[in-house]
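What follows draws every value from the coordinates through simple rules; no lab data is involved. What you see is a predicted model, and the numbers here were worked out from it, not measured in a lab. All Cβ positions, even for glycine, are placed from backbone atoms using ideal geometry, and neighbour counts span all protein chains on display.
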Amino acid sequence: MNTRLSTFTGKILVALPSMEDHRFHKTVVLICGHDDKGALGLIINRGLASLTFNELLDNLHIRSNADYELTKVHFGGYVEMGRGFIIHTPDYHTATTVHITDDLCLTATTDIINAIVNGEGPEHLFLTLGYAGWSAQQLEKEIIHNGWLVLDSSPELIFHTDLDLRWQRALTQVGISTDMISLEGGTA
């Protein structure tokens, strides 16, 4: 019998109150890659106040006359927090761009930063530092133990929804009201 791994690439994970890892409390994660060796995802609902895009440009020695005050840097996860990832629309593409879904791509090289500065970047983007990672079968076990709700990804959620509303909006997409969720667990 040929069994095939069910991939969560391109799915959104929404942390449920039963999530045992407190670092993921009320997080929303885009799974950018998943196979039999593990998974890589980016948290898409946490800001990063410690670094601005203008400071990032300075750190990368990229010069620009424009002010990118409105371009935010976000917290993508606890692994390799100095490594940057940009989720973006498919209107930007290089040899290093990974297509996550038909509507979402990922680029993790400075080429995209240079393209943004030169006015050649994607129409919509979400910049993160760090990522969330799972070893083989770890993500599947967390889902089975009701740590995560799995949804289809949504460019609307990633690019056009306020960070503070993403967890609640993701839940309401599947008809779950946050008023109905108990943040305390119990046993029967």
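Kindly check whether there is at least one residue in the stretch 94-105 that is farther than 20 Å from GLU55 by Cβ, without any contact (Cβ under 8 Å) to a residue 24 or more places away in the chain and crowded, with 20+ Cβ neighbours inside 10 Å. I'd like the intermediate steps shown before the answer.
Going residue by residue through the stretch 94-105, those that are farther than 20 Å from GLU55 by Cβ are 94-105.
If we keep only those that are without any contact (Cβ under 8 Å) to a residue 24 or more places away in the chain as well, we get 94-97, 99, 102, 105.
The next check asks that each one be crowded, with 20+ Cβ neighbours inside 10 Å; those that pass are 105.
Yes, the stretch 94-105 contains a residue that is farther than 20 Å from GLU55 by Cβ, without any contact (Cβ under 8 Å) to a residue 24 or more places away in the chain and crowded, with 20+ Cβ neighbours inside 10 Å.
If you scan the stretch 112-147, which residues turn out to be over 20 Å from the mean Cα position of the chain (by Cα) and surrounded by 14 or more Cβ atoms within 10 Å (Cβ to Cβ)? The answer is ASN114, ALA115, VAL117. Here ILE86 meets the list (1) at negative phi; (2) touching a residue at least 60 places away in the same chain (Cβ under 8 Å) almost entirely, failing just condition (2).
The number of residues in the stretch 17-46 that are surrounded by fewer than 22 Cβ atoms within 10 Å (Cβ to Cβ) and touching a Leu at 6+ places or on another chain (Cβ under 6 Å) comes to 3.
I'm checking my understanding of the structure. Among residues of the stretch 64-75 that are of a type in the set (A, V, I, L, M) and under 14 Å from VAL117 (Cα atoms), which one is surrounded by the fewest Cβ atoms within 10 Å (Cβ to Cβ)? Please lay out each step first, then the result.
First, the residues of the stretch 64-75 that are of a type in the set (A, V, I, L, M): 66, 70, 73.
Right, trim to under 14 Å from VAL117 (Cα atoms) and you get 66, 70.
On the way: ALA66: 11, LEU70: 6.
Among those residues, the one meeting the criterion is LEU70.
Considering GLU69, GLU142, the condition of being of a type in the set (D, E, K, R) and within 18 Å of ASP35 (Cα to Cα) is satisfied by GLU142 alone.
Considering only the stretch 49-63, state which residues are among the hydroxyl-bearing types (Ser, Thr, Tyr) and loosely packed, with under 15 Cβ neighbours inside 10 Å. Steps first, answer last, please.
If we filter the stretch 49-63 for residues that are among the hydroxyl-bearing types (Ser, Thr, Tyr), which is where we start, we get 50, 52.
Listed by number, the list holds a single entry, SER50.
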